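Worksheet: the structure to be examined is printed underneath.
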Amino acid sequence: MELAWYALLGLFFAGYLVLGGYDYGVGLLLARRTDPARRRAALNAVGPFFLGNEVWLVAAVGILFGAFPVLEGELLAGSYPAVLGALAGVILVTVGVQLRSRPASEWARAGWDRVIVVGSLLAALGWGVVLAGLLQGVPRHLDGHVVGVTHLFTPFAAAAALALVALVAAHGATFLTLRLPAAEADRLRPLARRLVLTAAGAVGTAAVVGLSSDRVRVAAQRPAVGVLLAVGLVAALLVARTALGRRRDGVAFTATATALALPVLLVGATLWPYALVSTVDPAASLTVTEAAASAPTLRLLGWLAVPLLPALLGFQAMCLWIFRGRTEGRALVYW
């Protein structure tokens, strides 16, 4: 039962990275779009999905608190600067998107657009550091507590965070080629191809830094699996670049979505059966079973999840279906 809940936690967080990732990617791209009409068009492209995408983060946090209370406490204790930074970014993006349409002046709208850019950057950097911190182990002692946050400030954490920023930017650009009017998508497609290639290089760099890191080598329980998944991530990005060159935007978006989901699978599969690996004392490492709540609690949560999971998946599928296709010719004015 612990494995099922752990997989569900990974599913929701990976879903959040995929769906929220193109929100933040579009937010980062606002820094390049100086024309107010183009910035508005980009935000309109994500408008129907924006708030629904963040529900996946809420669901993941709910599972973490309910099904893995020990992991939640130690994860927040050992990663709170990164988590706070990521959540601050999420809030800034939400506030910026909601309030940019209220001012009458373009100058004020441009100010809120800058808030969205900063928030998108913080969110991507923060979640990248959290994933890197898990993969390279944490300073957990035998008393059961993680002490210090210096493990977040390493070359590998920085490389992984920048790689996630690059992935998010590439995913957002690919999403826009799928949603914007055809003429605008044609103008954006070369940029999307460059960003995808940059993301592949950033992921490769992070992988090399990780393989040369003593922390990662000690924490990784299945290093071969991690390497294979990293290769698969780069391969997915190369598929996306090829698809963009052939104007197959749907295939490209699926490939970049796969690339954004794979880091979560990589961390979980590489550390299994541990949720947290201690870099101080191997005996202090926390297994998934030890991190989980009691069996009766998990069964009770299961009864709650049975109706909620299909409802969430169904709502997401409905939104994607209703607002499928390009915004060309639609009178969409969300923000």
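The values are calculated or read from the model by the stated rules, or taken from the named source; none is laboratory data. Since this is a predicted model, take the numbers as computed values, not measurements. Using ideal geometry, Cβ is built from the backbone for each residue, glycine included, and neighbour counts are taken over all protein chains shown. Note: accessible area is taken over every heavy atom of the protein model, side chains too, but ligands, DNA and RNA are not part of it. Shrake-Rupley method; radii C 1.70, N 1.55, O 1.52, S 1.80 Å.
See the values below:
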| read-out | value |
| --- | --- |
| Sole residue being within 20 Å of residue 267 (Cα to Cα), touching a Gly at 6+ places or on another chain (Cβ under 6 Å) and among the β-branched types (Val, Ile, Thr), chosen from 83, 130, 93, 146 | 146 |
| Unmet criterion (only one of (1) open to solvent by less than 30 Å² (accessible area, probe 1.4 Å); (2) under 29 Å from residue 30 (Cα atoms)) for residue 140 | (2) |
| Residues of segment 104-134 classified as free of Cβ contacts under 8 Å to residues at least 12 places away in the same chain and open to solvent by less than 30 Å² (accessible area, probe 1.4 Å), total | 2 |
| Which numbered condition residue 199 misses (of (1) surrounded by fewer than 24 Cβ atoms within 10 Å (Cβ to Cβ); (2) over 27 Å from residue 286 (Cα atoms); (3) within 16 Å of the chain's Cα centre (by Cα)) | (1) |
| Checklist (1) aliphatic (A, V, I, L, M); (2) touching a Pro at 6+ places or on another chain (Cβ under 8 Å); (3) crowded, with 16+ Cβ neighbours inside 10 Å applied to residue 147, failing item | (3) |
| Filtered residues of segment 225-275 (kept if touching a residue at least 40 places away in the same chain (Cβ under 8 Å) and among the basic types (Lys, Arg)) | 241, 247 |
| Cβ-Cβ under 8 Å pairs, at least 6 apart or on other chains, segment 138-165 side in a loop (DSSP other than H, G, I, E, B), far side among the polar types (S, T, N, Q) and buried (at least 23 other Cβ atoms within 10 Å of the Cβ) | 149/79; 154/136 |
| Identity of the residue in segment 176-194, open to solvent by 40 Å² or more (accessible area, probe 1.4 Å) and under 22 Å from the mean Cα position of the chain (by Cα), that ends up modelled with the lowest pLDDT | 178 |
| Selected residue (only one of 125, 134 is within 28 Å of residue 225 (Cβ to Cβ), in contact with a strand residue (DSSP E or B) (Cβ under 8 Å, 6 or more places away or on another chain) and assigned to a helix (DSSP H, G or I)) | 134 |
| Wholly within segment 17-100, helices (runs of 4 or more DSSP H) carrying at least 3 residues that are under 30 Å from residue 150 (Cβ atoms) and touching a helix residue (DSSP H, G or I) at 6+ places or on another chain (Cβ under 7 Å) | 50-67, 69-99 |
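Residues checked against (1) under 16 Å from residue 239 (Cβ atoms); (2) of a type outside the set (Gly, Ala, Ser):
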position	(1), (2)
173	yes, no
178	yes, yes
187	no, yes
200	yes, no
